[in-house]
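Notes follow once the structure below has been shown.
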Amino acid sequence: KTKAAFGSVGRRIPYRIVHVINQDGESLGNMHRAEALRLMDEHGLKLVLLHENAEPPVYRLMTGQQIHEEQLKRAEKKKASPKPGVVQKELSFSSAIAKNDLENKTKQIAQWIEKKHHVKVTIRQAK
């Protein structure tokens with residue numbers, strides 16, 4: 001089985017018994033999938049899988065707007081979390097650096113940026 005991502009919406013429910021939560025977040029309890037589909041049609045809502053690993057799996061009745069807002073929240077949270085594997089490089093040098101040394105360090109910084117590393121440059125004031 002492939003893992004169902006948030007937003008798997010629709011009438012195909014592979015589970016006989018599901019736990020249903022209404023659009024206000026209140027639990028409606030465990031019910032047969034036919035009953036859950038009937039509720040979905042009556043209220044003009046969509047069933048969205050929230051927790052596949054729970055016993056029974058948890059579905060929520062949501063409006064299209066609620067689904068869209070939840071997807072935006074999850075995308076924002078994913079974007080805000082630091083990505084694993086991102087390397088941060090730090091380079092520090094004096095403001096009295098020689099021209100040749102500065103060119104070499106600039107080339108090094110360009111290589112790191114090409115490799116998608118985060119680069120932090122610190123320049124100390126020469127005495």
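Here are some notes:
- Cut-off 13 Å between beta-carbons: net charge of the residues surrounding E114, Lys and Arg +1, Asp and Glu -1: +4
- The mean accessible area for residues of region 17-80, using a 1.4 Å probe and ignoring ligands and nucleic acids, is 63 Å² per residue.
The values are calculated or read from the model by the stated rules, or taken from the named source; none is laboratory data. Quick caveat, the model's predicted, so the values are computed rather than measured. Because the Cβ atoms are built from the backbone with ideal geometry, glycine has one as well, and the counts that use them run over all protein chains shown. Heads up: the accessible areas ignore ligands, DNA and RNA and are worked out on the full protein's heavy atoms, side chains in. Shrake-Rupley method; radii C 1.70, N 1.55, O 1.52, S 1.80 Å.
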